[in-house]
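Read-outs throughout are calculated quantities, based only on the coordinates presented, and are distinct from any laboratory measurement. This structure is a prediction, so every number in the text was calculated from the model and none was measured. Because the Cβ atoms are built from the backbone with ideal geometry, glycine has one as well, and the counts that use them run over all protein chains shown.
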């Protein structure tokens with residue numbers, strides 16, 4: 001879980017969300033306030049998780065969040081999930097054209113790069129880019 005700072009400038013309000021607990025709304029709700037920042041315009045809804053079921057009866061309604069709070073939470077969780085140095089060889093990765101699932105590292109976004117060896121590593125753009133930058137920084 002990541003404490004997501006409020007992108008709307010409401011600095012005293014920090015609400016913790018897990019990106020995996022939310023799914024996109026089929027139809028965005030422009031009048032519904034975001035659970036994290038309070039601004040109107042919700043694009044994601046909370047799934048029915050064990051944590052949601054454990055809340056008191058009056059608080060079990062699905063929370064909704066806006067795009068900017070979701071993006072901030074995704075970025076925070078992706079930054080927190082890093083593989084051990086040298087475990088992913090991005091020099092062998094190839095671009096994918098078919099949908100193979102989610103990223104092996106963060107598990108949040110669609111995988112668009114894959115290691116063709118038997119390892120089965122699939123990377124999203126963010127994780128691939130981070131590994132490439134780290135590789136360049138090490139002079140490899």
- What whole-number value in cubic angstrom gives the convex hull volume per residue for the C-alpha atoms of region 90-137? 67 Å³
- Query: What is the list of residues in region 65-93 whose amide nitrogen lies under 13 Å from a point 7 angstrom out from the Cα of residue 119, following Cα to Cβ?
  - Reply: 83-93
- Note on the structure: Between [x] -0.78, -0.87; [y] -0.72, -0.81; [z] -0.51, -0.67, the structure-derived log10 I(q)/I(0) by the Debye sum over Cα atoms at q = 0.11, 0.13 Å⁻¹ is [z]
- Task: Relative to the longest principal axis of the C-alpha atoms of the chain, give the angle of the C-alpha long axis of helix 125-137, reported between 0 and 90° and rounded to the nearest 10°.
- Result: 50 degrees
- In what sequence do 96, 48 fall when counting other Cβ within 10 Å, fewest first? 48, 96
- Quickly work out the residue 55-to-residue 29 label distance, labels modelled 7 Å from Cα along the C-beta direction, and quote it in nm with one decimal. 1.1 nm
- Listed with the fewest Cβ neighbours within 10 Å leading, 42, 68, 79 appear as 79, 68, 42
- Acute angle (nearest 10 degrees) that the helix 67-80 long axis makes with the longest principal axis of the chain, alpha-carbon atoms: 40 degrees
